[in-house]
Every structure is written in C-alpha cells, then in structure tokens.
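Heads up: the structure comes next, in structure tokens.
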Amino acid sequence: MQQAEIRVRGRVQGVGFRPTVWRLAQECGLSGDVRNDAEGVLIRVTGEHAAIVDLVDRLKRTPPALARIDLVEIMPGTVSCDAGFRIVDSTKGSARTEITPDSAICGECAREVLDPAQRRYRYPFANCTHCGPRFSIIRAIPYDRAATTMAPFRLCPACAGEYRNPADRRFHAEAIACEACGPQARLVPHIPSNDVPDTAACLLRDGHIVAVKGLGGYQLACDATNSTAVARLRTAKRRNSKPFALMARDLDVIRRYGDVSTEEAALLQGPCAPIVLLRAHGSLLPEVIAPGLRTFGFMLPTTPLHLLLLQHIDMPVVMTSGNLTDAPQIIGDDEALTLLGRVADFVLTHDREIATRVDDSVVRVVAGKARMWRRARGYAPSSIQLPPEFAAAPALLAAGAQLKATFCLLRDGVAIMSPHIGDLEDARTFDDYRRGITHLSGLYDHAPTAIAIDAHPEYLSAKYARECGLPLIEVQHHHAHIAACLAENGRPLTAAPVLGIVLDGLGWGDDGTIWGGEFLLADYRSARRMAAFQPVAMPGGTAAVREPWRNLYAHLKAAGLQPDASHPVLDAMIDNQVNTPMASSCGRLFDAVAAALGICAERQSHEGEAAARLEALADAHTLSDEDDALAYPLSISTPSAGSIAWLGYQEMWQALTADISRGTSFGVIAARFHKAMAIAIVAMARALAGVEHFDTVALSGGCFQNAILLEQTERRLRDARFAVLAHSIVPCNDGGLSLGQAAVAAARLMAAA
Ligand code: ZN
Ligand code: ZN
Ligand code: FE
C-alpha cells in the first residue's frame, strides 16, 4: 500500500471531472478523495501502486467529454486516506481555471429528450455535465449556478437529487433543469400549444420566418427549400449576398445537398458543432442561399430546442444569425422582439438569459485539415497553449484588428482568445468589444502590463487601447499574421526565422503605405519585408474595396492596357494620386480579376465576396489536369539583400485579357489565374531562399481562406522542399490577428527583460 497525490491540469473543472475520478477510483479499488483547487484537480489516493497507475491511465484514456487534460503529475502522498473515496466540495474563490466553451447537446441528452419514458421528454433545455451552455451564461466565476443566468431557477427535488449524486451524469451540472423547474420556451405572438418546438416546426414548414433564441444569440430560420421564404428573409435582413448558414436534422439530410467527408462528419457531430462548409452537389436548394458559391455552410442541431424543432422537418432550414445588416447578433429578448419581430413572423424565445454573445463558428476542411474561419461558439474561450518559452512572458492584452475583431489575453504562456466579435466600425459591435474585454478580463482576473495593438492609425481597437493608459506595443499587421501562424503551430521562440507569406486585403505597412501581398522574413520578435506584390492604385480608397471594377481599371492601366471604357475621373484620380492610395494587396488583385470576369464588378456586399465567387468559378479539370505552362505568367524582379523584390502582373493581364477576347471559358480563366498565383508565390519563395537562409514558410492572411490557393501553394511549396506552416485552430483572416499580436509583444518584452 502507498499514498500518492495526483495533480491534473487543463480544462478539468465544470466538466464532470470529479465524478469521473470518483467512479474510476472505485473501479480501481482505491480510497482517497478528489477536489478542485486553484491549479485544477487534486486527487489523493491510498492503494496498490499498480492500481494508482491504472487510475491515471484510465483517466487519460477516458476523460469526461468536455475535459482537456494538459498535464498529469504523480507525487508521493503524505496523507493516508481511510477506506472509501469521496468528492470534496470546492471552496469558493479558490478555483482559477479555464472557462469551458458552450457545447452542443450530447448523445445521451439527445436520446433522453426524444424518449417518452424519460422525465425530460421533449424538454428544450435538457443538459448535463457533458453538454449545454457554459461561457454564454456565465456572469462571474467560480462557475456555479448562482453566478450564471440559471440563478433565478430553483432546482426541483428531482433535479437537486441528480445534482448531488456523484453517480449521476448531472452531478454538479450547474445549468441542470427540467420541465418542472427550468426555463420555458414560448412563441411570440402567442400560439396556444402544449409543444412549442413542434408548433414552431409547423410554422417553418408553412413558409414562415421564425427567430430562434439559440445558445449564444438569436438566429433567423426558414425552410431552405422554400425560395419565397428565403428571398423574403434576405430582403428583410438587408444582407445582400452573404451566404446563409443551414441546419439539418441529421447527416442524411445534409448528404442530399453536400459532400460530407469523415473529417467533416466528425466536426459536425462533435461537441463544438460548428457550421462546416461543404461542397455542394446538384442545385437542389435556391441559389439565393449562397449566391455564386459552390459550398453550403451546414450545422447540426446544437441545443435540445433545435433538435426538437428540426426533428420532424425533413429538409434543411436556414439558420442565420439574428441581426440586421452589419449589427452584432442579437442576444436580448426585448431587442429580438422589436427588431427581429419586424423580420420574422414569429419569435421562438425562452427565459434563460444569454450573458455573452457567442456567434456560430465556421470551419472549412482543406487538405484534410479543419481550418477555422470564425472562432466562436464551441471553441472560445478555450485556451491556446503557446510554446513553452512564453511561460515567462508578462500578462498582456492584444487588441486585435478592425474587421473580424477578436482580442486576446495572454498569461502564464497561455492565450485566451475572445470569440469572434465582428467589425468595429459598427458602434454596437464596438460597444460589445469593449464590454467583452472588461468581462473576460474580469472572469480571468487578468491585469495586463501592456497592450499590443496594430500600427494602423485608424483602428478602433488601437484607439480603445490608447485610452487604457498602459504601455502600448505596436505590431505590424502582417507580422502579427505570421506570428499567429507560428504560435498555433508551436514554433519555438528561439527557432530560426521563417519566410512568412501573408496575402490579405489591407494592412498598415511599415512605410506608411497599404500592404497586403507580403513576403516577410520573420520570427516572433521582428519581421523584414523581402518582397511584395507590385503596388497598384486604389482609386477611391475604401470605395475600391466595395467596388471591384475600380481595381480592375487601375490594374489594367498599370499594365499598360486599355480598359473597356475610359473613365476620365478615375484617370485623374490615379494620375494625380487624389484619394488613391497605392496598395500591394492580394485581395484587390483577386477583386480585379473577378471584375474582369463580370463577378461583383459593380459592387461586393462584403470583402472577399468577389474572391470567393472567383474560386467557385474555377474549373476543376483545368486545375488538376492542365499543364502549368498554361497558367498565366507573373514576373519576379531579381531579389537582392538590400532591396525589395516585386511580383508583377503585366504579362498576366496581357494573357488573361487575350483569353477573354478569344472567348476562353471563364472557369478556365479563373483556374489559370489561381494556378498562376500559387506558381508565382512558390517561385518567389525559391528566389528569396537564394538571398536569405530559411527552410520553413508560414502562410497567413485572409486570402488563404481560398481553398484552391491554399492547397496549390502548400503542395507546391512542399514539392520545393520547404516545410510549410498554415492555420488550423485560429483564422488566417484578421480574426486570428490578436493571437499574433500577443505573441510578438510577449517575445519583445521577454527580450528586453
Ligand atoms: Zn448532455
Ligand atoms: Zn427540475
Ligand atoms: Fe489582415
């Protein structure tokens, strides 16, 4: 017999960890106890050495569904425990641990709500320690019911019994509820019904638009096969052409409309349950759902409410975020009833409040790997472990970007990223951003010593940071993108510099011009521009972001080609550089090529729309089979140690416009362009490797949301014997920027110390 203390770190509180230990310890014949404390979970046991090893082994192999074990340490014990094993109650205020993200309904709860023999049959708010709301209902920590929006609901005797029973799946499930004691769903306007979700399902089938109060915010739903309803929703939402997310009852329904790989099925069915972008097949759904695209964003029911709502609907349902135009997703009931009530015919609501907005996450699988596009529900605020050297960094806040904003708290070598917040130009979103920083910093008791910001003088995130009165660390936009990629890939702090290739829309450059097609030699601490896309005029500044034809005009002019119709005003703006910044932007190049093929030429409703449609247009046969020689030529100026090498497009525009006049299909042209980009990027990397030593290339920036560009570039770089780092767990777009800012600022502060 011996005594041992087992220390477990990671996401181990509020996820049913103690009851799991309690059960396993008894199975292993050990006595002792288990408790939560400031460092995680502490287990004290007395028993045979082999049994102790067995317990640790079983714990690692079968942890509770929502737990994540970062570290298990076994130390000699000092206390001899009596027979039996017990769970020690948490002492308030001692717990300092990770906050669990919201989780989709688990298999057991799903079976219960569909089983007439269970007491939670058809109860829309069933949950347990393995599933249900977490972050979105937390007002304060430690995480217990009184500190959540479940506080007003008093447990009934049956629920209280489950809550106190270590053998029950609902032992210490803080959000536990049932029909007798928990939140209730209702429809507004009121419809008499003894099964609210079922009544709402009838409304959807009848072609009505229904606003639904989801886990982290209101959503707008309608029958996705009903083109009148979908068109009505699109008009009412004033959301020109952003694709609508879809929800379906099960994988069988989804498979009728899109291909689902093993990885994609696992994502859809996992506890994070994000929107997964799937390749569409057939044209069975109205074009207006995802105009110009060949993908659908699908998710499975995330809550019992959604499960019951969809159960008898044999088709996909639009389930888009409940907001108007660019405003944040609505979480308040009053706002939902007034604002969404105008869009929706009915509101399916309930009386469990949402404390923090958490949008639906969006993931796309590219080259067999999940790529985060929008990191929110299910993922945030899970911690991201930085490489070990970062443990010595001081506590920091990183303010993030302007569009797709997130912020990041860094402490003890761990990064906590906020969920996706949105575009700060919208005043309500900016309010949310500021509130979010206060809320999350409060929950984590996080007091930063400095704030990392983007160098852009106009970013509202940087303006907010300037008002905080803390030391500021400016991080160049594209350097932050690379650092985010290095950090999520665990690149050591002291590793050699990489070639970071960052392709995005716009970011403030070191020289005060706009960058967006950059080749930087970078480590965490510093970055040096080695090459870039040839800068081209952006006539009208931000107007050129909205109106792709302006970029086409400027590109053709720069290439010495005559645009179809001359435009004297634009000529004057470009020639005299009036309201016409120069930008080395890959995003604007994609816009220009899209416009040349008539895609969103006049206007795009959101940045990246034209590029996404251009990608959808690309002919698959040309991409896979056609000779590289038919890809458009891009020129590369000879790199040298002291100057910047440029990627030029004159020959590409000549070949591309000749293809158009020849009547070459636009699908082939789009494919040749994509291929040309990948080939040129790799040629540039090889040329730069002749000037500076690097063997690893990091890919970042929003343009890499383009699956063709990412796949082709990655494959060709590997063929050229470079190691390639790309994004998976944080977005390659500006949503990942705050992580990179935090990593750069930490590296600089540690170097200075
Ligand atoms: Zn459950
Ligand atoms: Zn109850
Ligand atoms: Fe960017």
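Throughout, read-outs are computed from the coordinates displayed, never taken from laboratory work. Just so we're clear, the structure is a prediction, and the values are computed from it rather than from any experiment. Cβ sites come from the backbone with ideal geometry, for glycine too, and all protein chains shown count toward neighbours.
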Label model pair residue 651, residue 49: point-to-point distance (7 angstrom along the Cα→beta-carbon line) in nm is 7.1 nm
Taking a ≥ b ≥ c as the square roots of the Cα gyration tensor eigenvalues, with a/c under 1.5 meaning rounded and otherwise prolate when a/b beats b/c, else oblate, which class fits the range 2-87? prolate
Order of 582, 652, 75, 677 - criterion: other Cβ atoms within 10 Å of each residue's Cβ, fewest first: 75, 582, 652, 677
Restricted to the chain, the DSSP antiparallel beta bridge percent, nearest 5, is 70 percent
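Explain nothing, just the number: dipole magnitude of the range 613-753 about its Cα centre with +1 on each Lys and Arg Cβ and -1 on each Asp and Glu Cβ, in debye rounded to the nearest 20.
With Lys and Arg at +1 and Asp and Glu at -1, about 300 debye.
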Within the set of other residues whose C-beta is less than 15 Å from the C-beta of residue 169, count the net charge using Lys and Arg as +1 and Asp and Glu as -1. +1
Put +1 on the Cβ of every Lys and Arg and -1 on every Asp and Glu Cβ in the chain; which of 601, 514, 199 then has its Cα farthest towards the positive end of the dipole? 199
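Got a sec? How would 74, 669 order by Cβ neighbour count within 10 Å, fewest to most?
74, 669
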Compute the separation of the alpha-carbon centres of the range 433-472 and the range 33-62 and state it in Å as a whole number. 40 Å
Taking Cα atoms, how many degrees apart are the long axis of helix 49-61 and the longest axis of the chain, rounded to 10 and kept between 0 and 90? 50 degrees
Kindly identify the range 633-753 as rounded, prolate or oblate by the Cα gyration tensor criterion: order the square roots of the eigenvalues as a ≥ b ≥ c, call it rounded if a/c is under 1.5, otherwise compare a/b with b/c, prolate if a/b is larger, else oblate. prolate
Given Cβ charges of +1 for Lys and Arg and -1 for Asp and Glu, the option among 584, 452, 147 whose Cα lies farthest towards the positive end of the dipole of the chain is 147
Cα-centred dipole magnitude for the chain, charges only on beta-carbon of K, R (+1) and D, E (-1), debye, nearest 20: 860 debye
Using 7 Å Cα-to-Cβ label points, what is the residue 627/residue 543 separation (nm, one decimal)? 4.5 nm
Once each part is reduced to its C-alpha centroid, what is the distance from the range 268-287 to the range 506-549 in angstrom? 33 Å
Packing-based exposure ordering (other Cβ within 10 Å, fewest first) of 49, 606: 49, 606
Compute the length gained on full extension between residue 115 and residue 235: take 0.36 nm times their separation in residues and subtract their Cα-Cα distance, giving the result in nm to one decimal. 39.2 nm
Net charge of Cβ neighbours under 9 Å - reference residue 135; Lys, Arg +1; Asp, Glu -1: +1
Globularity index of the range 399-515, i.e. its alpha-carbon radius of gyration over 2.2 N^0.38 Å: 1.08
Lys/Arg Cβ at +1, Asp/Glu Cβ at -1, dipole of the chain taken about the Cα centre: which of 344, 49, 260 is farthest positive-ward? 49
Rounded to 10°, Cα long-axis angle of helix 737-752 versus longest principal axis of the chain: 90 degrees
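If I stretch the segment between residue 62 and residue 325 completely, what's the gain in nm (0.36 nm per residue apart, minus their alpha carbon distance), one decimal?
Working: separation 263, 0.36 × 263 = 94.68 nm, distance 4.45 nm.
Computed gain between residue 62 and residue 325 is 90.2 nm.
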Largest first and rounded to whole Å, the semi-axes √(5λ) derived from the alpha carbon gyration tensor of the chain read 46, 33, 23
Quote to one decimal, in nm, the extra length available between residue 82 and residue 752 on full extension: 0.36 nm per residue of separation minus the C-alpha distance between them. 235.9 nm
Specify whether the C-alpha gyration tensor of the range 185-363 places it in the rounded, prolate or oblate class, a ≥ b ≥ c being the square roots of the eigenvalues: rounded for a/c under 1.5, otherwise prolate if a/b is larger than b/c and oblate if not. rounded
Nearest 10 degrees, 0 to 90: what angle lies between the long axis of helix 196-205 and the longest principal axis of the chain (Cα atoms)? 30 degrees
